[in-house]
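Have a look at the structure below before the remarks.
The values are calculated or read from the model by the stated rules, or taken from the named source; none is laboratory data. Fair warning: this is a prediction, and the values are worked out from it, not measured in the lab. Here Cβ is always computed from backbone atoms with ideal geometry, including for glycine, and neighbour counts include all displayed protein chains.
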Amino acid sequence: DTPPAAGGPVQKLSDGRYAVLAQAPALGAAVLGTGIADRAPVTARPADTGGYVLHNGALTVHIDRDGLVRSAYDHDRGREAIAPGGAGNLLQLHPDDPVRWSAWNLDAQYRNVHRDLDTATAVRLDDEGPLLACVRVERTTGRSVVVQRLSLAAGSRVLEVDTDIDWREEDTVLKAAWPLDVHAERVASEIQFGH
């Protein structure tokens, strides 16, 4: 249970692991704690309306009392990423009953019916910085349990969402909706077998 030898700050995380900032080229290696002196630390604080606010100088993310991302403000670009009135990380249940090839096909009309999982059973701050801030969100539906970790690292421009699911539902699709306020002529998004 000894922290790693690093040339910079080390943070013990709530799960017993350690966070250390490092910068390395793609498929490369680097010495821990090097090349990161200019990174602002990440902070986490309770929000006035419930939930938490994560901030690292590049992003400010507001996660509400139900684990929904109500704001993701990019300071470098001076713009909000979440659409007005929207909520990111909104889990939705859709019926999965395709005309052909059950468990393989998703018919376009699956989008027409859904139920939002917009209430959390628990939202808590697991790690509050300075290298990594993490909010843990737990939800249940039917017999299934969803546990998510929304993490922001010092200096990062990315909110990471790790989702663990004990899925016990049948004929149901689970989707994470992110209504982004992005205006572009073209967009390409990848999924497992295409885009």
Condition check for A153: surrounded by fewer than 16 Cβ atoms within 10 Å (Cβ to Cβ) and under 14 Å from the mean Cα position of the chain (by Cα): no
query: When residues of the range 30-46 are filtered for being of a type outside the set (A, V, I, L, M) and at pLDDT 70 or above, how many remain?
result: 5
- request: Kindly establish whether L132 is within 15 Å of the chain's Cα centre (by Cα) and in contact (Cβ under 8 Å) with a residue 12 or more places away in the chain.
  value: yes
query: Is it the case that the range 161-175 has a residue that's closer than 17 Å to P41 by Cβ, assigned by TED's automatic domain parsing to the domain that holds R100 and in contact (Cβ under 8 Å) with a residue 60 or more places away in the chain?
result: no
field: The one condition in (1) more than 13 Å from the chain's Cα centre (by Cα); (2) in contact (Cβ under 8 Å) with a residue 40 or more places away in the chain; (3) farther than 30 Å from Q11 by Cα that R186 fails to fulfil
entry: (2)
So A30, is it free of Cβ contacts under 8 Å to residues at least 40 places away in the same chain, touching a Gly at 6+ places or on another chain (Cβ under 9 Å), in a loop (DSSP other than H, G, I, E, B) and farther than 16 Å from V161 by Cα: no
- prompt: Name the strands (runs of 3 or more DSSP E) wholly within the range 52-158 that hold at least 1 residues that are more than 24 Å from P41 (Cβ to Cβ)?
  reply: 90-95, 115-117, 122-128, 132-141, 144-153
message: Which count do you get for residues in the range 37-84 that are in contact (Cβ under 8 Å) with a residue 60 or more places away in the chain, within 25 Å of L21 (Cα to Cα), small (G, A, S) and surrounded by fewer than 15 Cβ atoms within 10 Å (Cβ to Cβ)?
response: 1
